[in-house]
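Each reported figure results from applying straightforward, stated rules to the coordinates on display, with no laboratory input. What you are looking at is a predicted structure, and each value in this text was computed from that prediction instead of being measured. Neighbour counts are summed over all protein chains in view; Cβ atoms, including those assigned to glycine, are modelled from backbone coordinates with ideal geometry.
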Amino acid sequence: MAVLGRDEIINYLGGGNDDGLYSTADNLRAENFGREVYLRAIVEFSNVCNKKCNYCGLRAANSKVSRYRMDVADIIESANLAAEAGARTIVLQSGDDFSYSPDRIEEIISGIKGAHDVAVTLSLGDRSAAEYEHWFKCGADRCLLKLETTNPDIYGKIRCGEDFHKRLKLLRSLKQIGYEVGSGIIVGLPDYTVEQLADDLLFLSDLGLDMIAAGPFIPHPDTPFSSAAAGGIDLSLRFTALARLLNPFSNIPATSALDSFDPEGREKGLQRGCNVIMPSVTPVSKRRNYNIYPGKNAVSVDVADSVSRAEELIRALGFVASASKGSSRRMNNVE
Ligand code: 5AD
Ligand code: SF4
C-alpha cells in the first residue's frame, strides 16, 4: 500500500514539509484510534546479553554494566503491579540472555496470563522459531523483534557480523506462528542516509507489521559508536509520522529515546502520528542498569507511579489511556 513514493519520502525526511506531514499523520491517527493511546508496561527482566551490537550499552563487551537477572517470581510480581495499576499489555524484555530456559519463560507467561486479562509481548531477541512457537501456545500474544536497519550490509556491521536474512526469517516465522508482530529501526545511525531511511520505511511497510517502533540513535559512551553524532529528534519524528502515513492501522510507539533529546519528546511523538507509549515498570534498583543508551530509564519511580505518570502524560495531551489491550487492527480484520 505505497501511498507515498520514494522521492516524496526523501523530501519529507529532509524536512521538506513538516507541517503537512505532521498534520496528516495526526489526522490519520485520530481517524483510526480516536483519542485512545495504548500503554505498554515493560519489564526489563535481564540486562545480560551475549551480543556485541556496536550501538548498544548492554553489549557483552561492556564490562562497566552492572548485570542483573530477575527471578521468575520477581518478574511476575512486577507484571502484577503493572496490571493492577491499569496496564493491559506487559512487555517482557531482556538482552539476548539465553540462560532463561523455555520452561522458565513459559512459567512467566502463564503466571501473568493466569492472574490478569492482559496481552503479553515477548522482546527476547534471537531465540529459535520453535521456542517462540512454544511460547505462543503458552499464551504469549505478541513479539517485538527489531531489524534496526533493513540494509543487510549495515546490519552486519552494526550488529558485529550478525546475519540480516536470519533475523528477517525469524520475523516472518513469528508472523506465521500467529503472533502480532512488531519491528523497527534506529533512526540516524552513524553514516545513515535519508535514502536508506526511505528504503527502511518502504521495507518495513511491506512487511505488514502490527507495530512499528523507531527512535533516534543516541551514542553511548561505552560503545564503539561513542563519538558518533546523535540521530536527532526531528528525523525520528518524521520517520514515525511517515510510518503512520504508510501504515494507518499499525501501532506506533512514541519511544522513550525521544525524551533523551527533549523532555517533551514523547508528547511530540503522540501529536505526530504515534499512538502508544511504553513506560518501564522494572524495579527501580535494576532499572538504571538497563542502560541501552544514556538517559534511558532516568526516572526512578515505582511501578504504580510509572504507569500513572504515563497516564498523566496521555491525559495532558487531551487523549485517554485506553482501557483495551490495544490489539492490532490488522489482527481484528479491520484492514
Ligand atoms: N540509541 C537508540 N536506540 C538504541 N537501541 C539500542 N541502542 C540504542 C542507542 N544507542 C534500541 C534498539 C533496541 C532497543 C531495545 O533499543 O532498537 O532494539
Ligand atoms: Fe544485546 Fe539487544 Fe543491545 Fe544488541 S541491541 S547488544 S542484542 S541488548
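Quick notes on this structure:
- Residue count for segment 196-254 satisfying the condition of being among the aromatic types (Phe, Trp, Tyr), surrounded by fewer than 23 Cβ atoms within 10 Å (Cβ to Cβ) and within 11 Å of ligand 1 (Cβ to nearest atom): 1.
- Counting only residues that are within 16 Å of ligand 2 (Cβ to nearest atom) and free of Cβ contacts under 8 Å to residues at least 24 places away in the same chain, segment 220-247 holds 1 of them.
- Exactly one residue among 122, 201, 189, 168 is more than 16 Å from ligand 2 (Cβ to nearest atom) and of a type outside the set (Phe, Trp, Tyr), and that residue is 201.
- The set of residues in segment 275-311 being among the hydroxyl-bearing types (Ser, Thr, Tyr) and either at positive phi or free of Cβ contacts under 8 Å to residues at least 24 places away in the same chain (or both) consists of 285, 300.
Yes or no, residue by residue, for (1) surrounded by fewer than 22 Cβ atoms within 10 Å (Cβ to Cβ); (2) in a strand (DSSP E or B):
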site	(1), (2)
81	yes, no
92	no, yes
122	no, yes
127	yes, no
135	no, no
140	no, no
143	no, yes
146	yes, no
154	yes, no
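- For residue 250, the stated conditions do not hold, so it cannot be described as away from ligand 2 (no atom under 16 Å from the Cβ), closer than 13 Å to residue 6 by Cα and small (Gly, Ala, Ser).
- The single condition among (1) surrounded by 23 or more Cβ atoms within 10 Å (Cβ to Cβ); (2) in a loop (DSSP other than H, G, I, E, B); (3) within 15 Å of ligand 2 (Cβ to nearest atom); (4) among the hydrophobic types (A, V, I, L, M, F, W, C) that residue 87 does not satisfy is (3).
- Among the residues of segment 51-63, those that are within 15 Å of ligand 1 (Cβ to nearest atom) and either more than 23 Å from residue 160 (Cβ to Cβ) or surrounded by fewer than 19 Cβ atoms within 10 Å (Cβ to Cβ) (or both) comprise 51, 52, 54, 60, 61, 62.
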